[in-house]
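What follows is one structure encoded as structure tokens, with my remarks underneath.
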Amino acid sequence: MSRSRFWSLFGGSAMVLLCAAYPQAAGAQRQDAAKAAKAETSADDKAARGRYIVESVAMCGRCHSPVDARGNRDTLHWLQGGAVGIAPTVATENWAIVAPRIAGAPPGTEEQFVQLLTTGMSRTGRQMRQPMPQFRMTKDDAEAVYAYLKTLGNGAQATTN
């Protein structure tokens, strides 16, 4: 019998005996490990979904990132706030000239930010100034956006382009 075959038989038999002797402990350890892996995966999945929404659907970087000297969005200061760069086609007083930083710690609490994205109402109880879209996201999508923005920190850089 080869050495590797001996150890595979011996090691397998030892594991069966240990698990038979302590079935509850072995099962509990497997369940704890599975729960931890699921929680980590779901948090990663939530942030990944938020990234998709921010960068590919809502296109937040078009207003919430500053413009460089050439007029392009500055990817080194991604979502750090900046001049909106879009002019209204009709004169209005309710037009935002500067978009706030949303990377790292979006304005307000998580609940207020989710309310903004699900109802279109700011934390002050007013609608957002144009050109900010009046989003009506689902709560899950809004929470995913918040989770992604929290992963960016204050020194965010673009992940697309």
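The values are calculated or read from the model by the stated rules, or taken from the named source; none is laboratory data. Please read all numbers here as calculations on a predicted model, not as lab measurements. Every residue, glycine among them, receives a Cβ derived from its backbone with ideal geometry; neighbour counts consider all protein chains shown. The accessibility values were calculated without ligands, DNA or RNA, using every heavy atom of the protein model including side chains. Shrake-Rupley method; radii C 1.70, N 1.55, O 1.52, S 1.80 Å.
Odds and ends about this structure:
- Estimated FRET transfer efficiency when R0 is 30 angstrom, pair Asp140-Arg62 (beta carbons, to 0.05): 0.80
- Solvent exposure of segment 52-160, expressed per residue, is 58 Å² of accessible area, with all protein chains present and a 1.4 angstrom probe.
- Charge tally for Pro107 (other residues, Cβ to Cβ under 14 Å; Lys, Arg +1; Asp, Glu -1): +3.
- Given their separation in residues at 0.36 nm each and the Cα-Cα distance between them, Thr124 and Ala83 gain 12.6 nm when the chain is fully extended.
- Ranking of His77, His64 by solvent-accessible surface, largest first: His77, His64 (1.4 Å probe, protein heavy atoms only, all chains present).
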